[in-house]
Amino acid sequence: MTSIDVRDLTKEYGGRRAVDGLTFSVRPGRVTGFLGPNGAGKSTTFRLLLGLDRPTAGTATIGGDAYARLREPLRRVGALLDARAAHGSRTAHAHLLALATSNRIPARRVDTVLEETGLAAVARQRVRTYSLGMRQRLGIAAALLGDPEVVLLDEPANGLDPEGIVWIRTLLRRLAAEGRTVLVSSHLMGETAAFADHLLILGRGRLLADTPVRDFIHARVRPQVRIRTTDPTALADLLARHGHDASREEDGAWAVRHARVDDLGRLLSEAGVPVLELTAREATLEEAYLDLTASEAEFTAPRQEA
Ligand SMILES: Nc1ncnc2c1ncn2[C@@H]1O[C@H](COP(=O)(O)OP(=O)(O)OP(=O)(O)O)[C@@H](O)[C@H]1O
């Protein structure tokens, strides 16, 4: 089984740190989401892992070896970095066949991955006629061509339609279930939580979280209760008197944090506050993610002199 190991990895471009002392491991048999806002360093980390760029310091290895030292790398590691990589004047079939031939991969894999990615019917068309979603699928087909143990996909859902999004989720789950090591970058937490088991979250080149998705939700996604009433003044008074952390939402409803429907329902009923709606909801993952990024911003704010 092949793990990815990143140790003290740093990459500077002209004195600016794109990747700043990253240390993490990516384990086989699960999908690891690699999350971070634009410019957080995800693509740079992928390039360092694939030997396309040299680290300023630290190491990035796959199964214990730097990518450049792997024999028959396409059979070990499949990667999607840039969906525009395929030559537009070639057909998808020709593009994949050339890749297979130059990497000593059996030609029959070409048809297998074309089927797997839903491109079989358009395989003889030139790539320049493809939509962004079709190019994404072709990039994924190329990544899977060598039947690799490790799959690295940079924003694979980019350009896919809703059906494509469901397809990629299913594909990623299957690749992990087959025991492969799957690392998938995205800047969308909601999308990532739909397929990932584990999260690595980056902010400004640094690792902010290395956690199972379930633990992240448990630790950071707080329960909330949503209330609509015909008497907002009475509701606001009541909530304030009982020390509830409440705020008004855009549609006029109230959101009460760290509260339970059972407790609030009883309270409202005893106080005679008319209720139009009382619902339990979990703050979205996206909110939890922003929360994490905000605490990072506080952490990195310049220190005040005493
Ligand atoms: N070749 C380069 N030369 C100079 N700066 C670079 C280079 N590549 C990346 N950077 C800078 O490094 C930082 C990290 O970029 P990177 O592309 O790795 O982020 P990312 O998390 O992949 O973002 P995105 O979601 O936008 O793709 C950015 O500030 C970027 O401008």
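The values are calculated or read from the model by the stated rules, or taken from the named source; none is laboratory data. Remember, predicted model here, so these are calculated numbers, not experimental data. Heads up, the Cβs are rebuilt from the backbone with ideal geometry, glycines too, and the neighbour counts pull from every protein chain shown. Surface accessibility is based on the protein's heavy atoms, side chains included, excluding ligands, DNA and RNA. Shrake-Rupley method; radii C 1.70, N 1.55, O 1.52, S 1.80 Å.
Annotations for the structure displayed:
- Test: residue in the stretch 119-131 that is in the same structural domain as T44 (by TED's automatic domain parsing), open to solvent by 40 Å² or more (accessible area, probe 1.4 Å) and under 25 Å from L49 (Cβ atoms): no
- So R30, is it of a type outside the set (V, I, T), touching a strand residue (DSSP E or B) at 6+ places or on another chain (Cβ under 9 Å), away from the ligand (no atom under 16 Å from the Cβ) and more than 23 Å from L175 (Cβ to Cβ): no
- The residues of the stretch 117-148 that are assigned to a loop (DSSP other than H, G, I, E, B) and β-branched (V, I, T) amount to a single one, T117.
- Elements of the type strands (runs of 3 or more DSSP E) sitting completely within the stretch 149-229 and holding at least 3 residues that are in contact with an Asp or Glu (Cβ under 9 Å, 6 or more places away or on another chain) and open to solvent by less than 40 Å² (accessible area, probe 1.4 Å): these cover 181-186, 198-203, 223-229.
- A residue that is in a strand (DSSP E or B), buried (at least 18 other Cβ atoms within 10 Å of the Cβ), within 13 Å of the ligand (Cβ to nearest atom) and touching a residue at least 12 places away in the same chain (Cβ under 8 Å) occurs nowhere in the stretch 41-58.
- Single condition D111 does not satisfy, out of (1) out of contact with any Ser or Thr (no Cβ under 7 Å at 6 or more places or on another chain); (2) touching a residue at least 60 places away in the same chain (Cβ under 8 Å); (3) surrounded by fewer than 21 Cβ atoms within 10 Å (Cβ to Cβ): (2)
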